[in-house]
1. R0 = 25 Å: FRET efficiency of Q65 with A15, Cβ-based, nearest 0.05?
2. Between H42 and L57, how many nm apart are label points set 7 Å from Cα along the C-beta direction?
3. Rg(Cα) of the chain divided by 2.2 N^0.38 Å?
4. Counting only chymotrypsin sites (Phe, Trp or Tyr not before Pro) that sit in a DSSP loop (anything but H, G, I, E, B) with at most 11 other Cβ atoms within 10 Å, what is the longest stretch of the chain containing none of them?
Amino acid sequence: MADAIYADKVRRARAAPKEQKMGWGPELFAEACVRMKDGIRHQFPHAIEPEVHALLLRRLDRLRQVAEHGIYFRQST
């Protein structure tokens, strides 16, 4: 059942126009942040919201660093 639901979601996403797909980006990012915060709260059950937010920002920064690794480099003169 879960596989059929997933397959249907994939089919609908593939059929969506590019403009609609571009609009999904912010929604998907917001959902990912909620899930990451849930994971942080699970890992650190006594963390208060400002700590959870700070950990989220650190993790997002680390993900950015990993994604950008090797993209930018200094050219020798």
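Just so you know, all these numbers are worked out from the coordinates, no wet-lab data involved. Quantities reported herein were computed from a predicted structural model and do not represent experimental measurements. All Cβ positions, even for glycine, are placed from backbone atoms using ideal geometry, and neighbour counts span all protein chains on display.
1. For Q65 and A15, the calculated efficiency is 0.10.
2. Result for the modelled spin labels: 2.5 nm.
3. Output field value: 1.56.
4. 1-71
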